[in-house]
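Report on the structure given below.
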Amino acid sequence: MAYDERLARFRQAHLNPFNKAPEQQEHPDGGTPAPGGPSPPMALTHPIAARRPDPSPGDPEGALDLGLAEDHFSRPVGLILASDVQQLCQAIEECKRAILALPEHSERQKDAVVRLIHLRLKLQELKDPGEDEPNIRVVLEHRFYKEKSKSVKQTCDKCSTIIWGLIQTWYTCTGCYYRCHSKCLPLVSKPCVRAKVSHQAEYQLSICPESGLDSQDYRCAECRAPVSLRGVPSEARQCDYTGLYYCSSCHWNDLAVVPARAIHNWDFEPRKVSRCSMRYLALMVSRPVLKLREINPLLFNYVEELVEIRKLRQDILLMKPYFITCKEAMEARLLLQLQDRQHFVENDEMYSLQDLIDIEAGRLSCSLTEIHTLFAKHIKLDCERCQAKGFVCELCKEGDVLFPFDSHTSVCTDCSAVFHRDCYYDNSTTCPKCARLSLRKQSLFQDSGTEAEP
């Protein structure tokens, strides 16, 4: 028999038994003799076959060799082994049975698990659409972009399985960071959370408003899959933000700070929330939508840090007119020090959830104090134009130049004149500047009346 023919018969018998003819029988000595010919010589024996005997029909360890030899993954030239989906499915099933039959925690079982993983990856590679997918896909207001990263391991938000970037095509929504396989894109049923944030930027401010599984008809609040507290057919998991119950595919036990607990109880312990709630809270965390004076005004009586932050914000609002009219401050872009918290230079009432988290952690007080010091230094020391806009106390006419954001001053609510606090309260009469303005208005009125007489 020719050398090439004997080599082909040997590979067919040892490396891909799914293509083995039914009439072929295993040789007692471990070889596969050709019809009418001698067994292959030792020089042609495969290295793996030389170390282990041929598999027997009932041998679980031998079943691991079904389509699992090294040549199966290295793709030798001219040899196609377990190359279609059906053959790979057969090899996977054989490997599963072998894993169950092998002793637990044995080295052979661990090797079998590794081989099973490789086979499944190979099967997924054949099923994956490949690199011909478009770079941008729009589904239910999601704007999906094809990812180029191959080394990062992610989890598909649709099928809850691992995304193997080396061999699979996957997409990420630029709005809510929803990740899924390319093959899962047509199955996406959850609209983009960013659209909800744009249309309805407000929090649920009731603490875990639970209504019970019966109000949900014992179904997941999102995908409507059957759920129960006993875990049959699927475990019901409660979202601490919405108070609703979700299945394990829609609720991954993600942790997030719940706004209602932070505002009403000053409680920032992360709670378990659903995937949809987690994305919504992540997109809303920096939005200034919390007006604490209306939601919970008593909070300022118990949290000293909030009082300090409010005073700093009020001072910054008083400094803002100086910077708007100062050329040097505009060139230095001092107000950009607060570009991450733009609402701090617009009002002193609105807070974001991130502001409250940073206040509780002590970070916001330190950073805002540094910015306040930098702004005051520019106005009172560095810039002559800003210094010229200071005030002299008209009640005592003594002391240094005063500014409205100084801690020892008081500001007239009518004319915005600045006085020493002690002087202002000791002389509880009319503000000198207000009196002067009143006299000027009266004199102008009298002058206009005399000119109108014939």
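Assorted remarks:
- Consider the stretch 356-415 and keep the residues that are over 24 Å from L335 (Cβ atoms) and aliphatic (A, V, I, L, M). The one that is surrounded by the most Cβ atoms within 10 Å (Cβ to Cβ) is L395.
- Scoring R385 on the criteria (1) touching a residue at least 40 places away in the same chain (Cβ under 8 Å); (2) among the basic types (K, R); (3) closer than 27 Å to V307 by Cβ leaves a single failure, condition (3).
- Among the residues of the stretch 164-199, the ones that are modelled with pLDDT under 80, β-branched (V, I, T) and under 19 Å from the mean Cα position of the chain (by Cα) come to 1 in all.
- Within the stretch 183-208, residues that are in contact (Cβ under 8 Å) with a residue 12 or more places away in the chain and charged (D, E, K, R) sit with their Cβ atoms under 8 Å from residues that are open to solvent by 50 Å² or more (accessible area, probe 1.4 Å) and assigned to a helix (DSSP H, G or I), at 6+ positions apart or across chains, in these pairs: K183/K127.
- Verdict on C223 being under 18 Å from V193 (Cα atoms), modelled with pLDDT under 90 and assigned to a loop (DSSP other than H, G, I, E, B): yes
- Checking each residue in the stretch 164-177 for being out of contact with any Pro (no Cβ under 7 Å at 6 or more places or on another chain) and either in a loop (DSSP other than H, G, I, E, B) or closer than 20 Å to S277 by Cβ (or both) picks out W164, G165, L166, I167, Q168, T172, C173, T174, G175, C176, Y177.
- Leading residue by the ranking (surrounded by the most Cβ atoms within 10 Å (Cβ to Cβ)) among those in the stretch 303-312 that are within 32 Å of the chain's Cα centre (by Cα) and part of a helix (DSSP H, G or I): I309
- Exactly one residue out of D340, D348, D315 is over 17 Å from L205 (Cβ atoms) and open to solvent by 70 Å² or more (accessible area, probe 1.4 Å): that is D340.
- Count of residues meeting criterion [assigned to a helix (DSSP H, G or I), crowded, with 17+ Cβ neighbours inside 10 Å and of a type in the set (K, R)] in the stretch 247-297: 3
- Answer from E202, E235, E222 - the residue that is open to solvent by 70 Å² or more (accessible area, probe 1.4 Å) and within 21 Å of the chain's Cα centre (by Cα): E202
- Only residues that are under 15 Å from F323 (Cα atoms) and hydroxyl-bearing (S, T, Y) were counted across the stretch 340-378, and they come to 1.
- For A98, the conditions (1) among the aliphatic types (A, V, I, L, M); (2) surrounded by 14 or more Cβ atoms within 10 Å (Cβ to Cβ); (3) modelled with pLDDT under 85 are fulfilled apart from (3).
- Flag for I371 being within 33 Å of the chain's Cα centre (by Cα) and touching a residue at least 60 places away in the same chain (Cβ under 8 Å): no
- Being in a loop (DSSP other than H, G, I, E, B), open to solvent by less than 20 Å² (accessible area, probe 1.4 Å), among the small types (G, A, S) and out of contact with any Leu (no Cβ under 8 Å at 6 or more places or on another chain) is true of G243.
- Tally of residues being at pLDDT 75 or above, touching a Phe, Trp or Tyr at 6+ places or on another chain (Cβ under 9 Å) and in a loop (DSSP other than H, G, I, E, B) across the stretch 136-163: 5
The values are calculated or read from the model by the stated rules, or taken from the named source; none is laboratory data. Since the structure is predicted, the reported quantities are computational estimates derived from the model, not experimental observations. Note: ideal-geometry Cβ built from the backbone for every residue, glycine included; neighbour counts use all protein chains shown. Calculation scope for accessible area: heavy atoms of the full protein, side chains included, ligands and nucleic acids excluded. Shrake-Rupley method; radii C 1.70, N 1.55, O 1.52, S 1.80 Å.
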